[in-house]
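Beneath this line is the structure, given in structure tokens, with notes to follow.
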Amino acid sequence: MSGNDLARTMEFPPAIEQPNIFPLGWETRTQKLEEIWSAAQRELWDPAKLPWGTFQPDRYTWEQREAIAYWWSLLSVFDASAPPVFAAALIKTYEAHEEDPVRRCFFSITRDEQNHEQMCGLAITRLLGSPSPLAHTPRTELGRRAQRNVRWLYHNGARYWNGYRKAVPKYSLAVLFSSFLMGEIAAATIFHQMAAASAEPVFKEGFRNIGRDEGRHMAICLSLIERDYPGLGAADKEIVTKQIRAGYLFLSAVLFEPPAEFWDLPADFIAVQRECEEVARQARFGIPTYDAKKQNWRNAILNLKGVLDRYGTPFPAIPEVEITGKEILQIDADEIIPVF
Ligand SMILES: [Fe+2]
Ligand SMILES: [Fe+2]
């Protein structure tokens, strides 16, 4: 008998094997997520509709253009991986038969990250006159070294995709949220700072929108942590502690400076990045200084620590920004979940 004949022999179909990709129901348990979802609907923006007409790249020198494009390329190593990362998490919310607003909120994050990726693409394409920082022929000495940096960033960023794909089915959403939250907390702050410090209207507005999106992403993760962490088991807590340390290592590349513990980079990498950042700052592109970044990153981590402390989840030591905690010796690159 083929599967298509069941209906002739049974009054009702057999129970559906789980996990099944989708639930048939629209339950709301976490009211806060409904509010965040309506904000996401209200605040939706289109990167293509920013005032690009006011942006004239030829007002900048080629060195400035390549330095600013370098920063956007650095960001896109994170933001171009975010749509597939959150799309995978979105599928997981359906498989897990999550309540309806959780599914919608993850859909909104996926959509927002797609916008952030587009913003990177629009900026880079205009700055370099090329749709990829790798395809562009550098015009200056700094531009040449910046492109080498981008190649190494891309190499490193690509390394963790396989680890992520293995991690998603293995961990509960509750564990995944903690990794997401790490990126969102820091991102929300840095983009607001960049909006305030940038002169170019199109970048100012783009950063303001991205910062607002990241604030919502942070609120989504916080609501879910509030919902799920009171019941979190000891084994899950241990993974969360490790993931926070992994998140620190991974995200430091864009929010602070890349630690050698995770990032495989040439010896002059940081010097080249600092030089690009200085040229970009001179062109009134608002990258925070080393000290401001460190402060921002430390505050974000302390915020996260405050959240995890509330639920009795041990925090890892992050001596790089003077935070003490549980010593995490080995981070398996294979098991890294962090995202932006
Ligand atoms: Fe983003
Ligand atoms: Fe985000």
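For the chain, with only Lys/Arg (+1) and Asp/Glu (-1) charged at the beta-carbon, what is the dipole magnitude about the Cα centre, in debye rounded to 20?
That gives the chain a dipole magnitude of about 620 debye.
Please calculate the 1.4 Å probe accessible area of Leu24, with all protein chains present, and give it to the nearest 10 Å².
150
Tell me, in nm to one decimal, what length is gained between Glu34 and Asp264 on full extension, where the rule is 0.36 nm per residue of separation less the Cα-Cα distance?
Length gained, Glu34 through Asp264: 78.6 nm.
Considering the dipole of the range 1-78 built from charges on the beta carbon (Lys and Arg +1, Asp and Glu -1) around the Cα centre, which of Pro19, Trp62, Leu33 is farthest to its positive end?
Result: Trp62.
On a 0 to 90 degree scale, rounded to 10, what angle separates helix 82-95 from the longest Cα axis of the chain?
So the helix axis and the longest Cα principal axis differ by about 10 degrees.
Counting only heavy atoms of the protein chains, get the accessible area per residue of the range 1-91 (1.4 Å probe) and round it to a whole Å² value.
61
How high is the relative contact order of the range 169-244? Use alpha-carbon pairs under 8 Å, at least six apart in sequence, and give a whole percent.
Relative contact order for the range 169-244 comes out at 45 percent.
Taking the Cα centre of the range 1-43 as the origin, how large is its charge dipole in debye, to the nearest 20, when only Lys and Arg (+1) and Asp and Glu (-1) carry charge on their Cβ atoms?
60
Counting each DSSP H run of 4 or more residues in the chain as -39500 (n - 2.57), what helix-only mean residue ellipticity at 222 nm follows after dividing by all residues, to the nearest 500 deg cm²/dmol?
Mean residue ellipticity at 222 nm (helix-derived): -22000 deg cm²/dmol.
Mind giving me the nanometre distance, one decimal, between the label points for Glu11 and Arg274, set 7 Å out from Cα along Cα→Cβ?
So the two model labels end up 7.8 nm from each other.
Take Ala234 and Arg139, extend 7 Å from each Cα along the Cα→Cβ direction, and tell me the distance between the two endpoints in nm.
6.2
Taking the Cα centre of the chain as the origin and placing charges on Cβ (Lys, Arg +1; Asp, Glu -1), which of Thr140, Pro259, Ile301 is farthest toward the positive end of the dipole?
Among Thr140, Pro259, Ile301, the one farthest towards the positive end of the dipole of the chain is Thr140.
Taking a ≥ b ≥ c as the square roots of the eigenvalues of the Cα gyration tensor of the range 1-135, is the shape rounded (a/c under 1.5), prolate (a/b larger than b/c) or oblate?
In terms of gyration-tensor shape, prolate.
Per q in 0.07, 0.12 Å⁻¹, report the Debye log10 I(q)/I(0) for the chain, using one uniform scatterer on each alpha carbon and no solvent.
The Debye formula, applied to the Cα set alone, gives -0.31, -0.85.
Expressed as a whole percentage, what fraction of the accessible surface of the chain belongs to carbon and sulfur atoms when a 1.4 Å probe is rolled over the protein heavy atoms?
Within the chain, the accessible surface is 53 percent carbon and sulfur.
Between Arg42 and Ala196, what is the FRET efficiency for a Förster distance of 35 Å, r being their Cβ-Cβ separation, to the nearest 0.05?
E between Arg42 and Ala196, to the nearest 0.05, is 0.95.
Can you tell which of Trp52, Ala88, Leu232 lies farthest toward the positive end of the dipole of the chain, using +1 and -1 charges on the Cβ of basic and acidic side chains (Lys, Arg; Asp, Glu)?
Trp52
If a/c stays under 1.5 just call it rounded; otherwise compare a/b with b/c (prolate if a/b is bigger, oblate if not). Do that for the range 195-340, with a ≥ b ≥ c from the square roots of the Cα gyration tensor eigenvalues.
In terms of gyration-tensor shape, oblate.
Which pairs break 22 Å Cα to Cα here: Lys92/Lys237; Lys32/Lys204; Lys92/Lys305; Lys92/Lys293?
Lys32/Lys204; Lys92/Lys305; Lys92/Lys293
The values are calculated or read from the model by the stated rules, or taken from the named source; none is laboratory data. What you are looking at is a predicted structure, and each value in this text was computed from that prediction instead of being measured. As a convention, Cβ positions derive from the backbone with ideal geometry for all residues, glycine included, and neighbour counts pool all protein chains shown. Remember, those area values only see protein heavy atoms, side chains included, never the ligands or the DNA or RNA. Shrake-Rupley method; radii C 1.70, N 1.55, O 1.52, S 1.80 Å.
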